[in-house]
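The values are calculated or read from the model by the stated rules, or taken from the named source; none is laboratory data. Keep in mind that this is a model prediction, so the values were computed, not measured. A quick note on method: Cβ atoms are made from the backbone with ideal geometry, for glycine too, and the neighbour counts reach across all protein chains shown.
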Amino acid sequence: TQILNENFNKETVELIVDKKIWGGKGSALITMSCLGIDVPPGFIVNTSLCSYYNSYNSIPSEVENKIKHAIQSLEDTLSLVFGSIDNPLLISVRSGAPISMPGMMDTILNIGLNDEIVEGLSKKYNNPRFAYDSYRRLLHMFGTTVMQIESNLFDLPFDYLKISEGVTSDHHVSVDGLKKLINTYKNIILEQSKEDFPQNVYDQLFRAIKAVLDSWQSKRAIKYREIYNISEDLGTAVTVQAMVFGNLSEKSCTGVIFSRNPSNGDNEIFGEFLLNAQGEDIVSGIKNSLPISIKMEKSWQIINNEDLSISIPESMERLMPDVFVKLKNISKKLEYFYGDMQDIEFTVENGRLWILQSRSGKRSSLASLKIANDMVEEKIINKKQALKIIPIQTFEQLLHCGLDYSFIKIPPLTCGLPASPGAAVGMVATNVKDAELMAKMGKVILVRNETSPEDMSGIAVADGIITARGGMTSHAAVVARGMGKSCICSVSGLFVDGKNIHINGEKFPSGTYLSMDSTKGEIYLGQIPIIASNIPYEFEMINSWINEYKKIDIHANAETIGDIESAFSLGATAIGLCRTEHMFFSPERIFYMRKMILSKDHSDRVFNLDILEKYQQHDFEKIFEISKGKAVTIRLLDPPLHEFLPHDDKEIKEFCIQSNSIESDVKLSLAIKKEHNPMLGHRGCRLAITYPEIYIMQVRAILCAISKLVSERKVSEYELYPEIMIPLVSNVNELAICKKLVQDTFDDFCESLNDNDLKNSLSKISYKFGAMIELPCAALQADRIAEICDFISFGTNDLTQTTLGLSRDDSANFIATYVNKKIWNNDPFVTIEQSTVGELLKIAINKARSSNPKIKIGICGEHAGNPESIPFINSLQIDYISCSPYRIPLARLISSQV
Ligand code: PEP
Ligand code: MG
C-alpha cells in the first residue's frame, strides 16, 4: 500500500486487486487505501483458505502462524496490543466473497474483549457505556454467528431492558443495565452451547474466522449461489481489521450511502446513518436511522412510514457538516475510480471518517439507465463502459410489468418455471371457451395441464398462462414468450380437473383470482396490484450505443403481425424464425390442418392444401409488407402432428360433425397416424419427403404473396429478402430433395406467370435457401449440408433434446432434481449445455465454414434469448441470434457487453 500511494495509478491498482483472491470487500479496501482514503488497517486471508477449509474443516498451522504475525504487525502499526487490558486492540472479522452476496455471510465485531479487557477499555476511553456496549455486541454476535444460538434469545432481554429503563435508543441504556445484560448474555451462551464465552482473545479470533468460512456453506448462502448461479468454488476471503467505533460518542456514527439515488438515478448522495451505533445496526435495518442530506430530510418520514407530526429528523449534513462534505467527496472519488454508482459503508469515530466498504450499488431499472446516461454526459465513463454497468435484468424489468410487492403479505401458493417474464392478475379459466367468455368481464389467467395449438385463442385473450406440465421450450412457454405474455410452466402440485384447479391438494374453482409473478415463477392467491412497465427516455439513446458495440445481429422469432411489429420496435433487424405451423393455430385453420393431416389420399390432401394456401398467402403478404427491406426466414412446416390432431372423443365428434366424416373412419385414420414418440416421428422435412405437396403449397404461398405485393406496388422486388428454411434436416440427400422441390416450385411458378413484367421482377428476387441444424447427425455433417445452403440456423431446442436424449415435453418434472443434485448446473433447455450441445455447435460451425466460407450462420433456439447462454453464443463466431421479441433488448445489451 505504501508503495502504491507513491506511484498510484488505476492500472497498477487493477493489476494487484483481484477479487477472486481478496474477495470484493478486501479488494475494495486495498483500492481505497491506494486512493488515500482512510480505511481501518488490517489484513486479508485470501479465498484459497476457504476451499482448503471446506475440504479439511481446519486451518493449516502455517496459516494460523501467518495470521498471528499479521496481528503483530497490526499491533505495531497502531501501538495497540491484542489481548492487552490497558491498551487493547479490538478487531473485526468480516467475510468477503468475490461476487457480492449481500447479507448472506457473517461478520463479527469487537473481537478481543473479555471480562477484564472491557474494564481496561472503559478506563482507557473513560467511557464505560461505550466499553460495555461493545462487549454486549460481541457476546451477541459471537453467540449467534460462532455458537449458532438463535438471535431472538439475545434480542428479547435487550428489548426488555430498554422498556424497563424507559428508553427507545440503544445508546441511552444505562451502564448498569448493560452490565446486567452482559451477565444475562453469558448465561444464555452457557445454557445454549454448554460452554462459557471464550476469554482467550486468540480463541475468539480463530473461532470467528472459522465461522466466517463456515458461513460460505450456510443454507442461505448456498441458496443464494443457486439462484444467482455463483460458483461454489469461489469461496470467501476473510478480512481482519482494527475496529473503529461508531458507538464511542455522540460525535460517532455508522451509515450507508449511495453515490447516486438508487431509485430514480438522480446525481445526489443518498443514504442513512445512526448516531452512536455500530455497523450491524444499520444493516439489520431495525433501528431509527437518520437521513444523510438536508434534501432527504422531508421525505424521510414518508419513506420510513413515520408519524408526520413528529419533528423532521436532522440529517448528517446539518449535524456533521464537515463529515458530510468529506463523505460526498469520497463517494465521487470512488465513483470516478470505479466508473459506477457506489454503495459505501462508513463509520465516524469521534468526528473522523473511516470507509469500511465500497461496491457497485444495486439500483432500480429506471435508475440504471439514467445513471449510465448521466455518467457518460458527465464524462466519467465512455459509452462502452456505460453499457457494462447496466445490469442485464434491466431491460427485461423495464419491458414487463411486475407485482407490487408492498402489497404481498402472504407466501406464494406455489411456484413453477418462470417461462415468460412479467406479471398478471386475473380469474382462473381452465379452457378456451371459459377464457373467452370471462375475458369479456375482466382479466383472465388460463390454467391448463399443458397447452396445445387449440388453446391459442384462450392464450390470446388471457393475461397470463399457467401449466402443470411442460418445460421452458414447451408449447405454452414458446408461444407466451413470443407474445410477451406472462407464463409459468411445470407448476408444482398443480392439477387441472374440469373447471377446477387443485394446488397441493387444495381445490380452487374456475373464477378464483390468482396473481402471478412470472419473472420469479411465483403464484399467489388473490389480486395483487400490478406495477406497469415504464420505458424511460434514455432507453433509445442506450440502444444506439448498443448498435455501435455489438458484433452479432439480433433477429426475432415471430410470425404474427403484432409480434413482428414489436420485434422491430425493440431492435430486431430481421425475422430469423417464422414458424409456419404457428400460423395455423386459430380454430378455423386447425380444422383444415386436421383435414389435411387426415386426408384419405393425395388428391384429398391437395384439395385441403389449396384451402390452407390461401391463409398462408394472406399471412405472408402482411409479413413481407411490414418487414420491407429486412430478411424474413420462413421455416417450412415442422409440426409434431399430434399437436394438431383431436385429443379426445369430444374433439373427434366435433371434427366429424364439422367435416361431415364418419367417426369410425376418423378414429381409424387417427389410429394409423398415432405416433408413440411424435417429437422423433413424422415431422420436419420428413413430411416433405413423403408428402412433397405440403412444402410446394407453402413455397407457392410465398411466391403468390410476393407477386401480389410487387404487382400492387406495395413493396418493390428490391425490398424483399425471403429466406426459406428446412427444419429437422438429418442428411444432405434429404435436404437436396427439399432444395430441388423449392427451386422447381419457384421455376414452375415463374413459368406459369402471364405477366412478363412480374416475371421479370420475380427473377430479380434471389431467395436464400437454408437448413436448420437441430439433430446431432446434421451437426456432424454440417460441411456437406453447408455446401448446398446459403445459411444454416441451429435449433438448439431440438438439438438439446436429441443430443441429451431428453424429451422437451416430458423432462420438466425431473430436471429440477438433476439440477439440485448437481448433475447439471442448469436446466439444459434454458442455458445451453456447453460441453455437449455447445461442442456440437462448434464442430458444426467449423465444418460449415470449411466447405462454405460465406455461409450465414445463426441460432434460433430459445437459448438465443437466455442471458447465461448469450456470451457463449457470441463467442462462436456466428452471424446472428434469433429470439422472442421481448428478449431482443436483453440479447442486444448482453451482446454489446460481450
Ligand atoms: C429449435 O428446435 O430450437 C427450434 C427453434 O425449433 P422449434 O422450437 O420450433 O422446434
Ligand atoms: Mg426445432
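Some observations on this one:
- Residues located in region 669-692, provided they are assigned to a helix (DSSP H, G or I) and small (Gly, Ala, Ser): 669, 671, 688
- Of residues in region 850-859 being away from ligand 2 (no atom under 16 Å from the Cβ) and touching a residue at least 12 places away in the same chain (Cβ under 8 Å), the one surrounded by the fewest Cβ atoms within 10 Å (Cβ to Cβ): 850
- Region 860-878, residues that are part of a helix (DSSP H, G or I), crowded, with 19+ Cβ neighbours inside 10 Å and within 16 Å of ligand 1 (Cβ to nearest atom): 862, 863, 864, 865, 870, 873
Residue-wise test of (1) over 36 Å from the mean Cα position of the chain (by Cα); (2) at pLDDT below 90.
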position	(1), (2)
748	yes, no
756	yes, yes
799	no, no
803	no, no
806	no, no
814	no, no
823	no, no
837	no, no
840	no, no
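- Residue in region 827-842 that is closer than 27 Å to residue 634 by Cβ, more than 16 Å from ligand 1 (Cβ to nearest atom), in contact with a strand residue (DSSP E or B) (Cβ under 9 Å, 6 or more places away or on another chain) and not acidic (Asp, Glu) present: no
- Residue that is nearest to the chain's Cα centre (by Cα) [pool: residues in region 693-736 that are assigned to a loop (DSSP other than H, G, I, E, B) and among the aliphatic types (A, V, I, L, M)]: 728
- Test for residue 412: is it in contact with a strand residue (DSSP E or B) (Cβ under 9 Å, 6 or more places away or on another chain) and in a loop (DSSP other than H, G, I, E, B): yes
- Cβ-Cβ distances below 6 Å connect the following pairs, each with a first residue in region 796-821 that is more than 23 Å from residue 681 (Cα to Cα), a second residue that is more than 13 Å from ligand 2 (Cβ to nearest atom), and a separation of six or more residues or different chains: 815/827; 818/824.
- Residue check for residue 221: assigned to a helix (DSSP H, G or I), in contact (Cβ under 8 Å) with a residue 60 or more places away in the chain, within 13 Å of residue 97 (Cβ to Cβ) and assigned by TED's automatic domain parsing to the domain that holds residue 45: yes
- Meets criteria (surrounded by fewer than 24 Cβ atoms within 10 Å (Cβ to Cβ), over 22 Å from residue 410 (Cα atoms) and within 26 Å of the chain's Cα centre (by Cα)) for residue 472: no
- Some residue of region 474-487 being farther than 18 Å from residue 560 by Cβ, touching a Pro at 6+ places or on another chain (Cβ under 9 Å) and among the basic types (Lys, Arg): no
- Set 613, 548, 540, 625: member being at pLDDT below 90 and of a type in the set (Asp, Glu): 540
- Residues located in region 239-270, provided they are under 28 Å from the mean Cα position of the chain (by Cα), within 23 Å of residue 29 (Cα to Cα) and hydroxyl-bearing (Ser, Thr, Tyr): 259
- Qualifying residue in region 811-820 (condition: within 16 Å of ligand 2 (Cβ to nearest atom) and assigned by TED's automatic domain parsing to the domain that holds residue 878): yes
- Among the numbered conditions (1) of a type in the set (S, T, N, Q); (2) away from ligand 2 (no atom under 16 Å from the Cβ); (3) over 16 Å from residue 735 (Cβ atoms), the only one that residue 803 does not meet is (2).
- Of the residues contained in region 786-800, one or more are found to be over 26 Å from residue 469 (Cβ atoms), more than 16 Å from ligand 2 (Cβ to nearest atom) and part of a helix (DSSP H, G or I).
- Residue check for residue 729: on the phi < 0 side of the Ramachandran plot and within 16 Å of ligand 1 (Cβ to nearest atom): yes
- Restricting attention to region 766-798, the residues that are touching a Leu at 6+ places or on another chain (Cβ under 8 Å), more than 16 Å from ligand 1 (Cβ to nearest atom) and farther than 14 Å from residue 726 by Cβ add up to 1.
- Extreme residue, nearest to residue 247 (Cα to Cα), among residues of region 160-208 that are surrounded by fewer than 16 Cβ atoms within 10 Å (Cβ to Cβ) and among the hydrophobic types (A, V, I, L, M, F, W, C): 175
- Top-ranked residue of region 766-777 - restricted to ones that are within 16 Å of ligand 2 (Cβ to nearest atom) and within 20 Å of residue 742 (Cα to Cα), ranked as surrounded by the fewest Cβ atoms within 10 Å (Cβ to Cβ): 770
- Subset of region 879-898 [basic (Lys, Arg) and within 16 Å of ligand 1 (Cβ to nearest atom)]: 887
Matching residues to (1) among the aliphatic types (A, V, I, L, M); (2) away from ligand 2 (no atom under 16 Å from the Cβ); (3) farther than 17 Å from residue 444 by Cα:
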position	(1), (2), (3)
472	yes, no, yes
484	no, yes, no
491	yes, yes, yes
496	yes, yes, no
502	no, yes, yes
514	yes, yes, no
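- Scoring residue 535 on the criteria (1) modelled with pLDDT of 85 or more; (2) out of contact with any Ser or Thr (no Cβ under 9 Å at 6 or more places or on another chain); (3) not in a strand (DSSP E or B) leaves a single failure, condition (1).
- Residue check, residue 214 at pLDDT below 95, more than 22 Å from residue 116 (Cα to Cα) and surrounded by fewer than 18 Cβ atoms within 10 Å (Cβ to Cβ): no
- Count of region 362-393 residues, restricted to those that are touching a residue at least 40 places away in the same chain (Cβ under 8 Å) and outside any helix (DSSP H, G or I), is 9.
- Given (1) within 32 Å of the chain's Cα centre (by Cα); (2) polar (S, T, N, Q); (3) modelled with pLDDT of 95 or more, number of the condition residue 100 does not satisfy: (3)
- Residue match in region 91-101 (condition: surrounded by fewer than 21 Cβ atoms within 10 Å (Cβ to Cβ), assigned by TED's automatic domain parsing to the domain that holds residue 228 and in contact (Cβ under 8 Å) with a residue 12 or more places away in the chain): yes
- Flag if residue 12 is out of contact with any Leu (no Cβ under 8 Å at 6 or more places or on another chain), in a helix (DSSP H, G or I) and not assigned by TED's automatic domain parsing to the domain that holds residue 228: no
- Some residue of region 335-347 being assigned by TED's automatic domain parsing to the domain that holds residue 271, crowded, with 23+ Cβ neighbours inside 10 Å and among the polar types (S, T, N, Q): yes
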